[in-house]
Amino acid sequence: MPVAKINPTTSPGPSFVPPCLHVDIEARPAAVTPHGRLPRGLESVPRSLSFEGRFGRMFRNLPPFEPDDQDLLDLAASMIENDVDVEGDANAPSNNARVSAGFTYLGQFIDHDLTFDPTSKLQRDNDPDGLRDFRTPRFDLDSLYGRGPDDNPFLYEADGIRFLIDTHDGEKDLPRNSIGRALIGDPRNDENLIVSQLDLAFLKYHNRVVAELPPTADGAALFEDARRLVRWHYQWIVLHDFLEKIVGKEVIDDILKPEPYHVPGAGGSKPFRWKADLKFFHWKRQPFMPVEFSGAAYRFGHSMVRRDYVLNEATAANGQEVPIFDPAHPNDPNAADLRGFRRRPVNREIEWFRFFRFAGKEKELQPARAIDTLLVFGLGGLPSSIARNPSSLPTRNLLRGKALGLPSGQAVARAMGIAECLIIRSDNADHRFQVGTGYKLPTGMPDPSVPPASPKKAHLEQTFGQETPLWYYILKEAELIAKGETLGPVGGRIVAEVFIGLLTGDGLSFLNVAPQWQPKAGQFGAPADGKFTMADLLRHVQ
Ligand code: HEM
C-alpha cells in the first residue's frame, strides 16, 4: 500500500474555532512488565496543598471523576479500530496532516525521560512513595545517561566518556546482553523497535559531540561538556520542534516570555531572563510531575501510533509494512512486528527520512495518526512483555485515570476558564460529545477501520456526555476542535505548561544557565543559528 503523504509546510496548523468485570488495575500483575510497572510515588498522590512529592496535582480542588468500571471498559472497547488498513490513503481522516510518524516515538522517548527514576533500587525500596530522595522530572536525558559513568559504568566504553554501541549482522544496535536485553539507562526505551532506534540515535549523537569537542586530557570534563551540549540540543528540539508541532507556537509564546532588564552600558541590547507565565502548574520548592499530565494529557501520544510502518527500502519494496504489534501472538518473542526487548531482527533498520522530514525525501514521509479517540488494532492487545491483564492500552489508561482520582475533562475545562462553546458536551451543538468518530473516507464512504457503533453507545453517551474521563476528553477535543492535528484547548495548555514549567524549573536547563544560548550554524549538526530539529540530529549521526 502506498505511503500517505504529509505536508507539514502547507498544513494550516492549529485552527481553533470559537460483576461485572470489576478490574482493579493496581491488583493486577502489571507490575512485572517493564512498561506496566507503576512509577514510584504514583500510588499516593495526596490532594493537600502543602504536599510535595514526585507526583502532584494541577487541579487539587476539583473532585475526582469516578465512573463505573464497566462503563470505562465499554468506552475503551469502542476506541479500538477494526483490523483494516486505511493508512495508505493520504486523506483518510485518521491520518495526521501536520505531524509525521517519528514525533510519536520522540514523544514516547520524552515521556520516558520525564518519568524515569534514576535513584538506586535501595533508595526506592526505602522510599516507595517517592516523598524523599525523589528527583524532579527534568529534560535531562537521565534515561540515556543513567547515573553517569561512575555509577553505571556498563553503559559506557572503557574511557567513561563514550556510550557503548553494538554491531550485529553489520547493523548498529543498542548494546545487549546474551539474552538480547538492552543495556541502556531506561529499559522502556527498548519497548518497540522505533523508540529503541531513537535511543540509539541519541547514543550516537553523544559520541559524535564528544568527537567534535576539542581533545583534552581531562576525560571527566569532556564527558560533562558533551552531556551538557547534548541535553541543551535535546531541550531545543523538545521546545522548538516537538512542542511546537503538538500545541502550536502561539501557546508557547503565551507562556514562555523573555523578560528584559536594565544593566549599565548595555545600550540597545538589553539582557533578558526567560519567564514562564504559568496559570495552572504551580509548585513550592521543586516542580513535580502532575497526574493530570502523566495520567491523561500526555498519553495523547497513544492515539498517534500507526497501525504499521515502512521502515526501509526492503519493507517498502515488497509492500510489507511492519505492524506495531500483532495481538494474535502476545507471547511470541519472534513475532513479525515491532515489539522490542529483543535483538533487532534483520531488515528492521530505520531510514529516518520515512519518519521525520528530510529535504528532497518528502514523498516517503509517513504521517503520524490523528490525535483522536481511535486507537490502532495492535494497541487493543499489547504483547505480554509490555503489559497484561489488562493488555488493552485504552483500558489501562481509563482505569488508571480513575485510580489516580483525576477530575473530568469538563471540570478541568471550566476551571481553566474555557468558554462553554468550546467545552465538549452532549448538549453543545458546536462540539457535541459522541462516542466514536463517525469518520468517512474522502470518497464519502464510511471508513472501514472505524469499529461498528458500540451496542452501549447510547448509554455511554448519556453517562459521559456531561462528564468525560480526562484522557478521553483531551483526545475528543483534539478530534473535534483541532482536526486531530494538534492538541486542543485543555490538552494543549496542560502539556505546554508542564513542558515549559519543567524546563524553567530546572536550574541546569539552557533557559536558566545561558538564556541567550541557541544552536550555532555548523556546530553539532545545526544547519543555521537558532535552528536544530530532530531531523538535523538524525542527519548528523547517519
Ligand atoms: C507503541 C507505543 C506505546 C506503547 C506500547 C505504550 C504503552 C504504555 C503502557 C503499557 C503504559 C502504562 C499504562 C498504565 O498501566 O497506566 C504507558 C504509559 C504512558 N505512556 Fe505510553 N506507550 C506508547 C507510546 C506512547 C507515546 C507516543 C506517548 C506520548 C507521546 C506515551 C505516553 C505515556 C505516558 C505519559 C504514560 C504514563 C507515564 C509512564 O508510566 O510512563 N506513550 N504507555
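The values are calculated or read from the model by the stated rules, or taken from the named source; none is laboratory data. Just so you know, these numbers come straight off a predicted model, no measurement behind them. A quick note on method: Cβ atoms are made from the backbone with ideal geometry, for glycine too, and the neighbour counts reach across all protein chains shown. To get the accessible areas, we keep the full protein, side chains included, count just its heavy atoms, and leave off ligands, DNA and RNA. Shrake-Rupley method; radii C 1.70, N 1.55, O 1.52, S 1.80 Å.
Accessible area per residue of the stretch 153-214 at 1.4 Å probe, in Å²?
Values: 2360 Å² over 62 residues.
Spelled out: the 1.4 Å probe surface of the stretch 153-214, per residue, equals 38 Å².
Using the Cα atoms of the chain to build a convex hull, what is its mean projected area in square nanometres?
Values: hull surface 106.4 nm².
Result: 26.6 nm².
Using r as the Cβ-Cβ distance of SER44 and LYS457, and R0 as 35 Å, what FRET efficiency do you calculate, to the nearest 0.05?
Working: r = 36 Å, r/R0 = 1.04.
Plugging the Cβ-Cβ distance into 1/(1 + (r/R0)^6) gives 0.45.
ILE179: net charge of surrounding residues, Cβ under 15 Å, Lys/Arg +1, Asp/Glu -1, itself excluded?
Numbers: positive: ARG176, ARG181, ARG342, ARG343, ARG344; negative: ASP166, ASP173, ASP190.
That works out to +2.
Would you mind working out the accessible area per residue for the stretch 361-517, using a 1.4 Å probe, and quoting it in Å²? All intermediate terms of the calculation are to be shown ahead of the outcome.
Values: 5000 Å² over 157 residues.
Heavy-atom SASA per residue in the stretch 361-517 reads 32 Å².
Using a Förster distance of 56 Å, how high is the FRET efficiency between HIS329 and LYS440, based on the Cβ-Cβ distance and rounded to 0.05? Intermediate values should be presented prior to the final figure.
Details: r = 32 Å, r/R0 = 0.58.
E(calc), rounded to 0.05, equals 0.95.
In the chain, carbon and sulfur make up what percent of the accessible area (probe 1.4 Å)?
Working: 11520 of 21750 Å².
For the chain, the apolar C and S fraction of the accessible surface comes to 53 percent.
Where Rh is the Kirkwood radius over the Cα pairs of the stretch 352-405, the temperature 37 °C and the viscosity 0.692 mPa s, what D in µm²/s does Stokes-Einstein return? If you can, show how the numbers build up before the last one.
Details: Rh = 13.7 Å.
Result for D is 239 µm²/s.
Given axes a ≥ b ≥ c from the Cα gyration tensor, I'd like to know whether the stretch 126-211 is rounded (a/c under 1.5), prolate (a/b larger than b/c) or oblate. Could the numbers behind the result be given before it?
Numbers: a/c = 1.87, a/b = 1.53, b/c = 1.22.
Since a/c reaches 1.5 and a/b is larger than b/c, the shape of the stretch 126-211 is classed as prolate.
Hey, what number do you get for the chain at 222 nm if only DSSP H runs of n ≥ 4 count, each worth -39500 (n - 2.57), divided across all residues, to the nearest 500?
Details: 18 runs with 162 residues, N = 542.
After summing the helix terms and dividing by the residues of the chain, the value is -8500 deg cm²/dmol.
So for the pair ALA528, GLU250, with labels modelled 7 Å out along Cα→Cβ, what separation do we get in nm?
Between ALA528 and GLU250, the simple spin-label model gives 2.4 nm.
Rounded to the nearest 5, what % of the DSSP beta bridges within the chain are antiparallel ones? It would help to have the intermediate numbers written out before the result.
Details: 18 of 22 bridges.
Counting only bridges with both partners in the chain, antiparallel ones make up about 80 percent.
Of LYS249/LYS363; LYS204/LYS245; LYS257/LYS402, which sit over 29 Å apart, Cα to Cα? Can you show the working numbers first?
On the way: LYS249/LYS363 26 Å; LYS204/LYS245 25 Å; LYS257/LYS402 35 Å.
Checking Cα-Cα distances, LYS257/LYS402 exceed 29 Å.
Quickly work out the PHE272-to-ILE165 label distance, labels modelled 7 Å from Cα along the C-beta direction, and quote it in nm with one decimal.
3.7 nm
What is the Cα radius of gyration of the stretch 48-99 over 2.2 N^0.38 Å, N being its residue count? Each step should come with its number before you reach the end.
On the way: Rg = 19.1 Å, N = 52, 2.2 N^0.38 = 9.9 Å.
Compared with the compact-globule rule of thumb, the stretch 48-99 sits at 1.94.
Is the stretch 89-136 best put as rounded, prolate or oblate by its Cα gyration tensor, with a ≥ b ≥ c the root eigenvalues, rounded for a/c under 1.5, and otherwise prolate when a/b is larger than b/c, oblate when not?
Values: a/c = 5.02, a/b = 4.38, b/c = 1.15.
Because a/c hits 1.5 or more and a/b exceeds b/c, the stretch 89-136 counts as prolate.
When the Cα centres of the stretch 481-514 and the stretch 359-422 are compared, how far apart do they sit, in Å?
18 Å
Treat every Asp and Glu Cβ in the chain as -1 and every Lys and Arg Cβ as +1, leave all other atoms uncharged, and give the resulting dipole magnitude about the Cα centre to the nearest 20 debye.
Values: 63 positive and 71 negative charges, 163 e Å.
The calculated dipole for the chain is roughly 780 debye.
Report the FRET efficiency, 1/(1 + (r/R0)^6), for ARG343 and ASP83, where r is their Cβ-Cβ distance and R0 is 22 Å, rounded to 0.05.
Numbers: r = 28 Å, r/R0 = 1.27.
Between ARG343 and ASP83 the formula returns 0.20.
With a Cα-only, solvent-free Debye model of the stretch 293-388, what are the log10 I(q)/I(0) values at q = 0.11 Å⁻¹?
Debye curve over Cα of the stretch 293-388, log10 I(q)/I(0) at q = 0.11 Å⁻¹: -0.37.
Which whole number of Å³ per residue matches the convex hull of the alpha-carbon atoms in the stretch 409-542?
Working: hull volume 25.6 nm³, N = 134.
Enclosed volume per residue, from the Cα hull, is 191 Å³.
Using alpha-carbon pairs under 8 Å, 6+ residues apart, how would you state the relative contact order of the stretch 414-513 in percent?
Working: 77 pairs, mean separation 19.1, N = 100.
Averaging sequence separation for qualifying contacts and normalising by length gives 19 percent for the stretch 414-513.
What net charge do the residues around PHE109 carry, taking every other residue with its C-beta under 11 Å from that of PHE109, with Lys and Arg at +1 and Asp and Glu at -1?
Charge balance near PHE109 sits at -4.
Express the Stokes-Einstein translational diffusion coefficient of the stretch 351-455 in µm² s⁻¹, to the nearest whole number, given a Kirkwood radius over alpha-carbon pairs, 10 °C and a viscosity of 1.306 mPa s.
Working: Rh = 17.6 Å.
The diffusion coefficient I find is 90 µm²/s.
Would you mind computing, in nm to one decimal, how far apart the modelled labels at LYS121 and GLU157 are, each placed 7 Å from Cα along Cα→Cβ?
Each label point is offset 7 Å from its Cα along the Cβ direction, giving 3.0 nm.
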